[in-house]
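J.: Structure incoming, see below.
The values are calculated or read from the model by the stated rules, or taken from the named source; none is laboratory data. This structure is a prediction, so every number in the text was calculated from the model and none was measured. When we count neighbours, we look across all protein chains shown, and the Cβ atoms used for this are built from the backbone with ideal geometry, even at glycine. Each accessible area value is taken on the protein alone, full model and side chains, heavy atoms only, with ligands, DNA and RNA left out. Shrake-Rupley method; radii C 1.70, N 1.55, O 1.52, S 1.80 Å.
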Amino acid sequence: MQIEYQLKPLEQRRTEPFIPESNVGFGLLRTDHMFLMDYRDGQWQDPRIVPYGPFEIFPGNMTLHYGQSIFEGAKAFLHDDGEIYTFRIDQNAARLNRSAEIVCIPEIDPKWQLAGIRALIDVDRLWFPQQQGACLYIRPFIFATEDKLSVSPSKSYTFCVMLSPSGAYYGDSFDKTIRLLITKKYHRAVSGGTGESKAAGNYAASLRAGKAAAEHGAAQVLYLDSTNTQIEEVGAMNHFHVRKDGTVVIPTFTDTILKSITSRSILDLGDILGLNVVQETVMLDQFIADIEAGEIIEAGGFGTAAVVSPVGSYIFEDGRIVTVGDGEVGQYTKRMYKVLTDIQQGKLAGPDGWMTKVERHETISK
Ligand code: PLP
Ligand code: COI
């Protein structure tokens, strides 16, 4: 298979580097093109780059009715050498296939996922927002395309990769903590379900809980397991806490928690961070008691979009508030954020293979 290029006419494409005047925000902008590949007749075929634009789908499209759709989220960064590098994108390709397995979508050879992503970034490289802390957010996704109303796996799918030039998640500063709602009413996932996948339906299911969070003055929800005894994760990030000896604790991955690549990276970076990073089952009652006793001094979330997101307090549905340490961003959280973003931005050497250069193929004239 070869990638086919059906690019916008040169005069309609970006021809100068993108230098935004203010923070471009997260996920708002699009580049000129997208990568597509179709599944039909039992195989993935027709890899191509085309202008970014709407899909034509039938009202009976199975995704619209039964939600057979999965996605990934990754980032690429511009380094001082003027080249764009993806961060651990092979992990995203592997996880997309794990999500595919969970919702009965045919897997895509990671080689083709990555070829598509790199070709697309290469074509639209001038869209990289030249701004402190910015990135190209990469959103690969697969959705069912068969026009059929019975509940069964679709026989056809589309794989699409789109890019969103995005700014630093925290704008210019990393100095504010957020509050999380601890809910015993809403659950994100149950064992044997789809919680471990990035299935679109998981995010639809989180919206009602997100509304409840907002009503409690919280930014997001901290989900518990279905017995309301263990801490699982946040709607779009894993959870962590830091004990007063500096040990970072991430809840053990189960089939109700997304295996965050950011969490995996912090676990892998323990030595560089100079921190002990562990995974454990985290019991809610003990967690709260340890915060109140000053045994837990920092907490937060890990995610591609969220990076390292500091949590200053938790609120329960009855209005009880528990503040972590002094409620401010702590030194360990700052260290994790700095080391991770320095590696991503090429200021600090990370482990081999984490950053991969997007090669230039003179595609601009194709
Ligand atoms: N948990 C959920 C439910 C998510 O949607 C995300 C975001 O991708 C994460 C955790 C963090 O995962 P990652 O670090 O791979 O982005
Ligand atoms: C990401 O962090 O990449 C995600 O996919 C979270 C998203 C729901 C914004």
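J.: Using modelled amide H (1.01 Å from N, peptide plane; none on Pro or chain starts), what sits under 5 Å from the amide H of Val277, excluding residues fewer than 5 places away?
T.: Those lying under 5 Å, H to H, from Val277 are Val248.
J.: Relative contact order of the chain, please, whole-number percent, based on alpha carbon pairs below 8 angstrom and at least 6 residues apart.
T.: Reported as a whole number, the value is 19 percent.
J.: Kindly provide the Kirkwood hydrodynamic radius of segment 208-366 in Å, to one decimal, from all pairs of distinct alpha carbon atoms.
T.: It works out to 16.8 Å.
J.: Which far-off residues, 5 or more places away or on another chain, put their amide H under 5 Å from the one on Met237, with H placed in the peptide plane?
T.: For Met237, no residues qualify.
J.: Related question: Compare the peptides 13-25, 297-309 by average per-residue count of other Cβ atoms within 10 angstrom and give them in order, highest first.
T.: Per-residue mean Cβ counts within 10 Å order the peptides as 297-309, 13-25.
J.: Then there is this: Which residues among segment 15-49 fall inside the zone where the amide N is under 16 Å from a point 7 Å beyond the Cα of His361, along Cα→Cβ?
T.: Under 16 Å, as judged by backbone N against the label point of His361, lie 33-38, 45-49 of segment 15-49.
J.: Antiparallel DSSP bridges in segment 178-328: what percent, to the nearest 5?
T.: Bridges in segment 178-328 that DSSP calls antiparallel: roughly 65 percent.
J.: Further question: Go through 35-44, 216-225 and give me the packing order, highest mean Cβ count within 10 Å leading.
T.: The packing order, highest mean first, is 216-225, 35-44.
J.: Hey, another quick one. Where in segment 22-41 does the amide nitrogen come within less than 12 Å of the point 7 Å from the Cα of Ala214, taken along Cα to Cβ?
T.: No residue qualifies, since no backbone N sits under 12 Å from the label point.
J.: Follow-up question, since we're still on this one. Could you check what % of the DSSP bridge pairs in segment 1-156 are antiparallel, to the nearest 5?
T.: Bridges in segment 1-156 are about 85 percent antiparallel.
J.: Right, here's the next one. Chymotrypsin sites (Phe, Trp or Tyr not before Pro) within segment 309-366: which are DSSP loop residues with at most 12 other Cβ atoms inside 10 Å?
T.: none
J.: Here is a further query. Is there a pair in Lys111/Lys357; Lys75/Lys259; Lys8/Lys148; Lys176/Lys338; Lys244/Lys347 whose C-alpha atoms are over 22 Å apart, and which pairs would that be?
T.: Lys8/Lys148; Lys244/Lys347
J.: Further question on the same structure: How large is the Kirkwood hydrodynamic radius of the chain, counting all unique pairs of alpha carbons, in Å?
T.: 21.6
J.: Here is a follow-up. What are the ³J(HN,Hα) couplings of segment 40-46, residue after residue, when phi is run through the Karplus curve with 6.51, -1.76, 1.60 and θ = phi - 60°? Round to Hz, x for glycine and proline.
T.: In residue order, the calculated couplings are 7, 6, x, 8, 6, 7, 6 Hz.
J.: In square angstrom, what is the accessible area per residue of segment 275-337 with a 1.4 angstrom probe?
T.: Result: 40 Å² per residue.
J.: How much of the accessible area of segment 1-105, probe 1.4 Å, is carbon plus sulfur, in whole percent?
T.: 50
J.: Give me a comma-separated list of calculated 3J(HN,Hα) values for segment 175-183, in order, Karplus coefficients 6.51, -1.76, 1.60 applied at θ = phi - 60°, integers in Hz, x for any Gly or Pro.
T.: Values per residue, Gly and Pro as x: 10, 10, 9, 10, 10, 10, 8, 8, 10 Hz.
J.: Using helices alone, I'd like the mean residue ellipticity at 222 nm for the chain: each DSSP H run of four-plus residues gives -39500 (n - 2.57), total over residue count, nearest 500.
T.: Value at 222 nm, helices only, nearest 500: -6500 deg cm²/dmol.
J.: Oh, and also: How high is the relative contact order of segment 1-158, in percent, counting Cα pairs under 8 Å that sit 6 or more residues apart?
T.: 33
J.: Then there is this: Using R₀ = 22 Å, calculate the FRET efficiency as 1/(1 + (r/R₀)^6) where r is the Cβ-Cβ separation of Lys347 and Arg243; round to 0.05.
T.: 0.15
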